[in-house]
Amino acid sequence: MLIKLLEPLNVPDSLIHELAEPLKTAGHGFVYYSKKATSKEELVTRSENADIVMIANTPFPKEAVIANPKLKLINVAFTGVDHVSLPESLPDGQENPVKICNASGYANTAVAELTVGLTIDLFRKISAENQAIKTPTKNQEKQLIYKGFELKHKVVGIIGTGHIGLEVAKLFKAFQMTVIATSHSEKEEAKKMDITYMPLKELLKKSDIVTLHVPLTPITKGMIGKEELSLMKTSAVLINCARGPVVDTKALASALNHQTIAGAGIDVFDIEPPLPKDHPLLYSKHTVLTPHIGYFTQEAMISRAKIAFANTIAFLSDVPKNIVK
């Protein structure tokens with residue numbers, strides 16, 4: 001079979017070639033593109049004649065599937081797969097046979113640590129103090145007046161107790177915090193950690209920190225909007241290192257500017273950064289923004305490359321792993 005890696009995975013090329021060697025040894029073809037495609041048309045061309053394509057987070061168009069009847073697997077070296085478009089059927093009316101797998105788990109630690117980092121930044125005003133000391137006024141003493149808060153004994157509400165949500169819970173537990181949660185399914189591991197499950201509205205009312213760890217689905221899209229934000233404490237902060245559209249951006253900006261909530265740490269947006277100059281969160285009060293880097297650590301990049309190639313090998317061995325569609 002022909003396997004094509006359509007974009008770089010932010011690891012050394014030497015690691016890509018090392019991971020591809022078992023495929024070549026087994027007699028499969030392997031093509032690697034070390035630079036991102038600059039257009040949808042280029043991605044379609046790169047995908048030609050491939051049995052398996054491997055991508056990261058570049059949007060993958062349905063045109064590439066329609067143009068390549070040989071395609072059997074889209075191997076996504078990422079957790080979310082909402083950037084992959086599949087046609088409902090092929091031109092001849094046949095049902096689309098293409099499967100999608102992901103690299104679930106590769107960035108659990110990276111995302112969990114950024115979640116805690118954003119929370120500490122907001123509670124201890126780190127970014128605000130950094131800006132204040134670098135841009136002093138005539139009265140420096142009056143400028144540095146940001147009184148922080150401690151995490152110890154605060155209540156953190158985790159929305160979604162999958163692998164990342166549970167890792168976040170473990171880190172917050174180390175700060176002697178009370179952890180509560182809401183999720184579509186209750187995990188025994190969470191209960192053993194003394195995590196109390198409750199409905200979303202109750203969680204929002206009780207939490208000092210609300211942190212999101214759910215995938216983007218028709219159910220979760222916009223799940224945090226004006227009504228939900230109004231239920232939060234005025235002293236509470238919202239952290240989103242999950243998916244941008246899970247939160248209503250305009251409602252969040254309004255809540256921040258009207259001090260309905262105390263702050264927000266946001267790594268994901270309704271569009272991918274760079275953000276347009278008029279994006280509402282760029283001008284929101286008490287907000288710490290990062291450009292979708294939750295997954296982006298050296299360790300996580302190596303882990304996802306290994307998982308992606310292991311997924312390819314498993315599929316070729318008729319024991320597919322991490323199939324999500």
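The values are calculated or read from the model by the stated rules, or taken from the named source; none is laboratory data. Every value quoted in this text rests on a predicted model; they were computed, and no experiment measured them. Counting neighbours? That spans all protein chains shown, and the Cβs are built from the backbone with ideal geometry, glycine included.
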Specify the residue that is nearest to the chain's Cα centre (by Cα); the eligible residues are those in region 153-183 that are within 14 Å of Leu212 (Cβ to Cβ), part of a loop (DSSP other than H, G, I, E, B) and polar (S, T, N, Q).
Thr161
Residue in region 278-325 that is nearest to Glu18 (Cα to Cα), counting only those that are among the basic types (Lys, Arg) and in contact (Cβ under 8 Å) with a residue 40 or more places away in the chain:
Lys306
When region 309-325 is examined, which residues are found to be surrounded by 13 or more Cβ atoms within 10 Å (Cβ to Cβ) and either in contact with a strand residue (DSSP E or B) (Cβ under 6 Å, 6 or more places away or on another chain) or outside any helix (DSSP H, G or I) (or both)?
Asn311, Thr312, Phe315, Pro320, Lys321, Asn322, Ile323, Val324, Lys325
Could you check how many residues of region 194-211 are surrounded by fewer than 15 Cβ atoms within 10 Å (Cβ to Cβ) and either in contact (Cβ under 8 Å) with a residue 24 or more places away in the chain or under 16 Å from Glu150 (Cα atoms) (or both)?
2
When region 34-50 is examined, which residues are found to be within 26 Å of the chain's Cα centre (by Cα) and among the β-branched types (Val, Ile, Thr)?
Thr38, Val44
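Is it fair to say Pro218 is closer than 22 Å to Gly117 by Cβ and part of a loop (DSSP other than H, G, I, E, B)?
So Pro218 fails the test.
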Pairs, first closer than 25 Å to Glu150 by Cβ in region 175-193, second aromatic (Phe, Trp, Tyr) and in a helix (DSSP H, G or I), C-beta under 8 Å, six or more apart:
Val179/Phe172
Just to verify a result, which residue in region 103-150, among those that are part of a loop (DSSP other than H, G, I, E, B) and surrounded by 19 or more Cβ atoms within 10 Å (Cβ to Cβ), is modelled with the lowest pLDDT?
Ser104
Residues that are assigned to a loop (DSSP other than H, G, I, E, B), more than 22 Å from the chain's Cα centre (by Cα) and closer than 27 Å to Ile302 by Cα, drawn from region 51-92:
Asp51, Leu71, Lys72
Out of Ala236, Ala251, Ala264, Ala255, which single residue is crowded, with 17+ Cβ neighbours inside 10 Å, closer than 21 Å to Leu151 by Cα, in the same structural domain as Lys147 (by TED's automatic domain parsing) and more than 17 Å from the chain's Cα centre (by Cα)?
Ala236
